[in-house]
Amino acid sequence: MRVTYRALSHCLWLWMAFASLSVSAMKLETNSGSNPVTQAWVAAHLPEGAELQYPDLVEAIYTHTRLHPIWEDERVRLSLEQQINVIALADISPWFEDRAKLLSQLQQAQRWRHFDVMATDTLLTFLRYRQDVALQGKGWLFGAGVQQIKLPPNAIEIESMMEAWKGNYFLSWIEGKKPFGDAYAQMLDGILTLQALEARDLPVFEYSGVLRPGDMIPNPEPLIVLLETMGDLSPELATLLRGQPGGIEYNPILVEAVKRFQGRHGLAQDGAVGPKTRIWLNKPASEKVRLMALNMERLRLWSPQRNNQLVVNIPGYSLTWWSNDEVQFESRVIVGRPSRRTPLLSSHLNTVVFNPSWNVPESITQKDIIPKIKRDTNYLANNNMEILASWRSSEVIAVESIDWETMNPERFPYRLRQSPGNHNALGRYKFNMPSTDAIYLHDTPAKGLFHRSERALSSGCIRVEQSHNLATILMDRAGVRPDKVADYRKSVETKFVSVRRTVPVETIYQTAWVDDETGTLQFRPDIYKYDQRQRWPFDQEVLAALGI
C-alpha cells in the first residue's frame, strides 16, 4: 500500500485553532512551543516507519491529558475502527486503508501506547474527512477517490473531542459521527455477513447460453451452493436438490430462488439465468463488501431528515415519501438515461400542475425533435406540437415557413410546445420544484415502461408511475376539496395548484443497502458508472449531474 502520511510543522493554523478553543474546556500548552517531555513520549510510541498527519496537534493533546491514554475503552476503539474500516473498504483512500491496517496490527500486538498515539492522529484526520465530505463528497464518493487531506479539523471539533473525553461520554460522541439513522448499522452487519463469505471458496456457476425453466443443468452444484450461501435457497431445499444424482432439471424450486436473487439485485425477475444474472451470481464477496462500504459513506451526503420528505433513489428507480420516519407513499420511477443523467439535487416540491403543456427543453429540441422533423415534417402535427416565436412569445409559427433541410438544430431560434392531454409527454401531472437543471417529477402516457427492470430512459426528469396518487396526497395536504381535484382532472385546461407546505425532495444514488423489513442485502446496477474508479477532471455532463 502507498503511504501518504504527512507531518505538519508549527504554523499559523495551529495557533489560530488553539486560540479559539474555550479555556474552560481545555488548555493546550502551545504558546511556549512543543513540550519536550510530550514530544519525546510521542516519538517513543510511533511505530517504525509511521508518520503522524498532525504531529503538533497530537503532542498538544497529550500535553493536555498529561500523557494519559485516550483509547483505554475497548468500545471506543471499536467505534473508531468501524468507521475507519468502512472508509478503507470503500476503496476511496489509500491513506485510510494503510491506517486501518496499522491500527489492527497494533491492537493484535497489544502495543497499546503505540495504538493510542496513532488512533488519536487517525481520529483527527477522520474529523477533517467528515468536515470536507459535505463539500467534496460528490467527487470523492462518485469516482474520484479522496484527495490527500492536509488541513486540520476545525477548532470546534477539537474542543468537542476533548470535552467528550474529559466528560466521560467519548463513546457516544464518536458514535455520533456515524450517519444518522439505522441504515449505517444495518449495512455494517451486511458487511460482516459478506466478509464471512470471503473466507469461503465459493464456486463459479458456468452455463452456455441462457438457462430457462425446464432446461437440464449438467452440474447444478455451483448454482445450489451460491443460492444457498446468499440466503435465497433454504438449506433444507438445497439438501433435497443435492439428493438427486447427476444433472437436474432447472425446476420450480431453483427458479423461485433465482427470482428472489434477481429481485435483490435489481434484475428482471423472470427466473432465466442470463449474462446479467450470472455476473451477479459470480461477483466476488469482496466486491460486494466494497459496494456496501462505498454506499455507507454516501449516507453522509444525504439529508438525515425522514419526516415529510420525498427521496428518489436513481439506480433503485424508486420514489419514497417519508413521514415521521415511516414510508407514506412509494412509486416506481423512470430516470435519466446514462447520456442524460438525472442530477443529484436537493429541492422542494411547491406546485402541482394538472394537464400541463410541455415546453420542450432546448437540448431535447436540438438532439431529438428536429432530427425527427427533418425525416418527417408531419411529426409536430402527429404529436400535437406547435412552434412558438421564442421563449418569451406565444406567437405561433407555421411549420411550412421553416426550411427544415438547411436548419441547424443548434441555431433553432424558436420554442416547441406540446398541448395538454393524455398524449402529452408529461402526462396529466407535473410536480414543479426549483432546480437549476430544470428537473422535475411528472406523469407519462407511456405506462408500459414502468414494467421494465431497467428504467434509465428519460432525458433527465423523473417520471412517476403513481403520479395520480401522489397528486391526490398533495392536494389533500393542501386542503383542496376532492370535488375540486376531480374537476381539475376532468378538464383539459392547465391548472397550477400550490401545495402550500412545500415538500423537500432529494435525489440520491444508492446502489447497495439493507432492506428494512426483510433484512436482505440489496444491490442495484450502477447505471451511471459512479461506483467505478474515475479520474479528474470529470467531463462537464458528469460534473453537472453530480452538482459539482
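Just give me the residues in the stretch 515-537 being among the aromatic types (Phe, Trp, Tyr) and more than 15 Å from LEU344 (Cα to Cα), in sequence order.
PHE523, TRP536 - these are the residues of the stretch 515-537 that are among the aromatic types (Phe, Trp, Tyr) and more than 15 Å from LEU344 (Cα to Cα).
Sort out which residues of the stretch 377-398 are free of Cβ contacts under 8 Å to residues at least 24 places away in the same chain and either part of a strand (DSSP E or B) or over 22 Å from GLY427 (Cα atoms) (or both), and write them in order of number.
To start, the set of residues in the stretch 377-398 that are free of Cβ contacts under 8 Å to residues at least 24 places away in the same chain comprises 378-379, 381-382, 392-398.
The answer is ARG392, SER393, SER394, GLU395, VAL396, ILE397, ALA398.
Please go through the stretch 319-344 and pick out each residue that is open to solvent by less than 40 Å² (accessible area, probe 1.4 Å) and either in a strand (DSSP E or B) or among the aliphatic types (A, V, I, L, M) (or both).
LEU319, THR320, TRP321, SER323, PHE329, SER331, VAL333, ILE334, VAL335, GLY336, LEU344
Matching residues to (1) surrounded by 14 or more Cβ atoms within 10 Å (Cβ to Cβ); (2) out of contact with any Leu (no Cβ under 6 Å at 6 or more places or on another chain):
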| site | (1), (2) |
| --- | --- |
| ASP116 | yes, yes |
| TYR129 | yes, yes |
| GLY137 | yes, no |
| GLN148 | no, yes |
| ALA155 | yes, no |
| GLY176 | no, yes |
| ASP182 | no, yes |
| ILE191 | yes, yes |
| GLY214 | no, yes |
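Just to be sure, is THR507 surrounded by 12 or more Cβ atoms within 10 Å (Cβ to Cβ), within 20 Å of PHE431 (Cα to Cα) and modelled with pLDDT under 95?
no
Would you please list the contacts, defined by Cβ atoms under 8 Å and residues six or more apart or on different chains, that run from a residue in the stretch 140-169 that is without any contact (Cβ under 8 Å) to a residue 24 or more places away in the chain to a residue that is hydrophobic (A, V, I, L, M, F, W, C)?
GLN147/TRP140; SER160/TRP173; ALA164/PHE170; ALA164/TRP173; ALA164/ILE174
Considering only the stretch 277-305, state which residues are in a helix (DSSP H, G or I), surrounded by fewer than 20 Cβ atoms within 10 Å (Cβ to Cβ) and without any contact (Cβ under 8 Å) to a residue 40 or more places away in the chain.
ILE279, GLU287
Quick check on the stretch 237-252. Is at least one of its residues charged (D, E, K, R) and farther than 26 Å from SER318 by Cα?
yes
Is it the case that some residue within the stretch 358-376 is crowded, with 20+ Cβ neighbours inside 10 Å, on the phi < 0 side of the Ramachandran plot and either touching a Ser or Thr at 6+ places or on another chain (Cβ under 8 Å) or assigned to a loop (DSSP other than H, G, I, E, B) (or both)?
no
For the stretch 28-114, which helices (runs of 4 or more DSSP H) that fit wholly inside it have 2 or more residues that are open to solvent by 10 Å² or more (accessible area, probe 1.4 Å), in contact with a Leu (Cβ under 7 Å, 6 or more places away or on another chain) and not aliphatic (A, V, I, L, M)?
55-64, 74-89
Taking the options GLY448, GLY479, name whichever one is without any contact (Cβ under 8 Å) to a residue 24 or more places away in the chain, open to solvent by 20 Å² or more (accessible area, probe 1.4 Å) and assigned to a loop (DSSP other than H, G, I, E, B).
From the options GLY448, GLY479, the qualifying one is GLY479.
Taking the condition over 23 Å from the mean Cα position of the chain (by Cα) and surrounded by 17 or more Cβ atoms within 10 Å (Cβ to Cβ), does LEU474 pass?
yes
Considering only residues that are under 25 Å from LEU254 (Cβ atoms), among the hydroxyl-bearing types (Ser, Thr, Tyr) and either touching a residue at least 40 places away in the same chain (Cβ under 8 Å) or not in a loop (DSSP other than H, G, I, E, B) (or both), which ones fall in the stretch 170-214?
Those that are under 25 Å from LEU254 (Cβ atoms), among the hydroxyl-bearing types (Ser, Thr, Tyr) and either touching a residue at least 40 places away in the same chain (Cβ under 8 Å) or not in a loop (DSSP other than H, G, I, E, B) (or both): THR193, TYR207.
The values are calculated or read from the model by the stated rules, or taken from the named source; none is laboratory data. Quick caveat: nothing in here was measured; it's all calculated off a predicted structure. All Cβ positions, glycine included, derive from the backbone under ideal geometry; neighbour counts span all protein chains shown. Quick note on the areas: whole protein, heavy atoms, side chains included, nothing else; ligands and nucleic acids left out. Shrake-Rupley method; radii C 1.70, N 1.55, O 1.52, S 1.80 Å.
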